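Asker: Quick one: the structure is below, questions incoming.
Bear in mind these aren't lab numbers, they're just calculated from the coordinates by the rules spelled out. Predicted model only: the values in this text are computed from it and were never measured. Cβ placement follows ideal geometry from the backbone for every residue including glycine, while neighbour counts extend to all protein chains displayed.
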Amino acid sequence: MKRTKQIITCCLVAFFVSLSLIAKAGDVAVSVDPTQNYQTVQGLGGNLVFYEKYFTNHPFKQAIYDTIFEGLGTSAIRIGNWAQDLNADLSSQAELVREAKQRMGDDILVIMACWTAPASLKANDKLTGTDNWIKGTLRKGDDGKFLYWQYGDWWRKSLERYQAYGVFPDYVSIQNEPDMDATYESMILNPEESDGVASYASALGAVNYMLGDLANRPKLTGPDVLGIGWNQSQKYTDKLDKSILGAYCFHYYHSGVNGNDRYSHPDDYVESMQGLARDYSDKPMFMSENSSLREKSIYDPVHMAWTIANGFNFNRITAYFHWSLLWGGDGTGCVNVDKPDSTWSYPNGFSVQPEYHGLRHFSKFVKKGWICIGISANNRDIVSVAFKSPDGEDISVVIINKGSVKHSTTLSFKGEVPETGTIVQTVPDQNIWSKTISSYSSTSDIVLPPMSITTVALAPSRVPAPVWLNPSDPVVWENGGLSQIEWTYNKKTPDSIGFYWCPTAKVASVLSSSEWTTEDSLFSWKNTYALNPDKSNRWGAQTNMNEWLEYDLEYVVPVSGAIIDETSYDGCGPILSYKIQYYDYVEKNWASVDSGLSIGPDYKASFRTVSSDKFRLYIDSAGCINVNHFALLPEEQMLASLKTETSYVWNVPATLVSEGRFSIKAQDVESYSPEVKFVSKETDVEQLLLRSDGVVMIDGALLIDVNESGSYRLIVTDVLGRVLLNDVVLLNEGRNELRLDNVDCPILFLQSVAPSGVIKKYKILNK
């Protein structure tokens, strides 16, 4: 009996202990105070250092770029300065920066860090670190002084080299980890100069001076040391002339505690973080590198998010750069990329790694310019951080449950906040990776699983993009009649919307003055890619003067701009003088609408609207010619300003024969229909008999064959329906020659006098 009682007692104790480990509903109070404002976020992202050519030569690189930039919502990148040889090819780095900005905007934060000075400026004559006990630091000159000024001069020249490739960093760090003597590219610079090691402070001062009046000069940041433990950052920073710095930066690779597995113990950093925030609050703080540097764990995303939250809360960092966004070969990085020409470990040659999702909870839902705001939680298992947009209309709350017990919470806010939003969660144990799990409700508990990340992204109710009901893909509409355009909204609609039409600039043929083709077709031109954003094909001319690339469009299109991408390859110099031209059918010559002295990557030209079916890029002079991409931008035409409606009946002009898209635009709304095509009505009148080369105009005479004599209405117009000639003419069976004085337009319509409608449209070929 005594033994039975003991067993029952033990079972009851175990039962109540287990109950204590089960969290009650709403057991954690998380309070957000949007009125309490702290630092402004300058960027969230990571490093694109090493393996650059893996990425830029990869057959699926566009998918990789989409994943790492758009997928993450990246607003900050850090690149290396690899211009130790000032003649080095920097195109891979330029491509990475260009692709990031194309997707995320020109305001993305770009930092450039240097891993080493040129070997000629180093004591060990190598890009790497220590060699035979000779420190990999700056060399001394014949006068016994370190080559600080030569180092500063190299920095200026290297930045000029990058600028020639279109790379303009916002900040530069003159030496990555000056306290790390490594077997890879590195250079030692101590806080103070000694007989054997140069000074970081002196090197920074020399770079600052030598940059002088450099155009588009970046700001300086530093000291970029290995970690924040043992007051390492302070040892360097206190020796600097802080007035020349635009920001402080450092890494989180050590905290002074738990050196063997510091990644799993982010709270060990808090004391050092608080010290930095207290001592150096006069400038922005960048955390420029952090990663596990150990065998991977499924909880790495949680540890990463925990670290980021602590960094914003205690360190008051303004930017966080993970190491690294992309990596090659060993399964690390946010996205791991296989060598392009090897046997792949992953489908399509790349794989999203767990840490991607730890970063995404911040980078996707916290934008550049947002403000870190007040937040508190009443449970030691819970780490939380919150941000708001500058106008206060959007709020993102990130909650990390770092404990082994499930919790739940109902958020509370000070003041008015958005009531709508989404909940995104990462739960490694459940194989849930930054997944939207539900909509946010202010009255419902949010479940916080053990070792999980939860982001609550709140935003005011905005007008969703309309869903097109008609047109649907594919659409062919007959002109000269009424067509009903239909769309729907999921929620409330704006008071009014704009209804637009934009024709498509489809290329019928591509001509060029000359082509440069090598054995591997490196410079070959393929006209199938003429207006395709895919820049895998390019045009190279045989000479460097008076060369041109011409597009002959299928029909007349009003054009108000163009996009040109020009990149130097293998020593090929830039374009020095160019024109964008169209064929003027009135003046019967090529007329220029844009010109300049250089193009470079992703140049966008805007000019007065001109209508033609022939456009060309004319190169007056160049080092050599290498055009990756030339695209025309048709002008968008507003058809109507509409009140809130679910459908609109539109009278399609009888003369509109074209392809393009409709669009609806309103505040917070921009939606495009699928491609739409207009065609002429079928009639009882037999089709015209044409010569093999179509309708031909020679010296103002229109030559046209018909198979039946009769009266016809002749209409000459452009693609938007602007009538240039409208008259009834008598056509005899067979060949007819008609004079069209002062009319030279490539779109022709013929109608019978009887109400049978439009027979057909033709393109006039000028001989």
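Asker: Using a basic spin-label model with each label point 7 Å from the Cα along Cα→Cβ, how many nm lie between ASP142 and ASP27?
Answerer: Here the modelled spin labels are 7.7 nm apart.
Asker: Between SER621 and PHE168, how many nm apart are label points set 7 Å from Cα along the C-beta direction?
Answerer: Each label point is offset 7 Å from its Cα along the Cβ direction, giving 2.5 nm.
Asker: Between LYS296 and LYS506, what FRET efficiency follows from the Cβ-Cβ distance if R0 is 60 Å, with the result rounded to 0.05?
Answerer: On the way: r = 49 Å, r/R0 = 0.82.
So the FRET efficiency works out to roughly 0.75.
Asker: Positive end of the dipole of the stretch 43-368, charges at C-beta (+1 Lys, Arg; -1 Asp, Glu), about the Cα centre: which of GLY141, SER186, ILE64 has its Cα farthest in that direction?
Answerer: ILE64
Asker: Could you tell me the center-to-center distance, by alpha carbons, between the stretch 123-143 and the stretch 325-346 in angstrom?
Answerer: 33
Asker: Go through 86-95, 332-341 and give me the packing order, highest mean Cβ count within 10 Å leading.
Answerer: The densest-packed peptide leads the list: 332-341, 86-95.
Asker: Shape call for the stretch 291-334 from the C-alpha gyration tensor, a ≥ b ≥ c root eigenvalues: rounded (a/c under 1.5), prolate (a/b greater than b/c) or oblate?
Answerer: oblate
Asker: Could you sort the peptides 539-549, 592-602 by per-residue average Cβ neighbour count (10 Å cutoff), highest mean leading?
Answerer: Per-residue mean Cβ counts within 10 Å order the peptides as 539-549, 592-602.
Asker: Now for a different question. With a ≥ b ≥ c the root eigenvalues of the C-alpha gyration tensor of the stretch 121-180, is it rounded (a/c under 1.5), prolate (a/b larger than b/c) or oblate? Walk me through the numbers on the way to the answer.
Answerer: Working: a/c = 2.51, a/b = 1.71, b/c = 1.47.
Taking the square roots of the gyration eigenvalues as a ≥ b ≥ c, the stretch 121-180 is prolate.
Asker: Could you work out how far the C-alpha centroid of the stretch 241-275 sits from that of the stretch 186-233, in angstrom?
Answerer: So the two Cα centres are separated by 18 Å.
Asker: Run the paramagnetic zone check for LYS219: 7 angstrom along Cα to Cβ, then residues of the stretch 277-311 with backbone nitrogen under 11 Å.
Answerer: 283-286
Asker: Calculate, for SER442 and LYS588, the FRET efficiency according to 1/(1 + (r/R0)^6) with r their C-beta to C-beta distance and R0 56 Å; round to the nearest 0.05. List each step's numbers first, then the result.
Answerer: On the way: r = 69 Å, r/R0 = 1.24.
In this case the efficiency is close to 0.20.
Asker: Going by the alpha-carbon gyration tensor, a ≥ b ≥ c the square roots of its eigenvalues, is the stretch 335-483 rounded (a/c under 1.5) or, if a/c is not under 1.5, prolate (a/b greater than b/c) versus oblate?
Answerer: Oblate shape, in that a/c is at least 1.5 and b/c is the bigger or equal ratio.
Asker: A further question follows. Give the calculated FRET efficiency between VAL652 and LEU597 to the nearest 0.05, with a Förster radius of 41 Å applied to their Cβ-Cβ distance.
Answerer: Values: r = 45 Å, r/R0 = 1.09.
Here the calculated transfer efficiency is 0.40.
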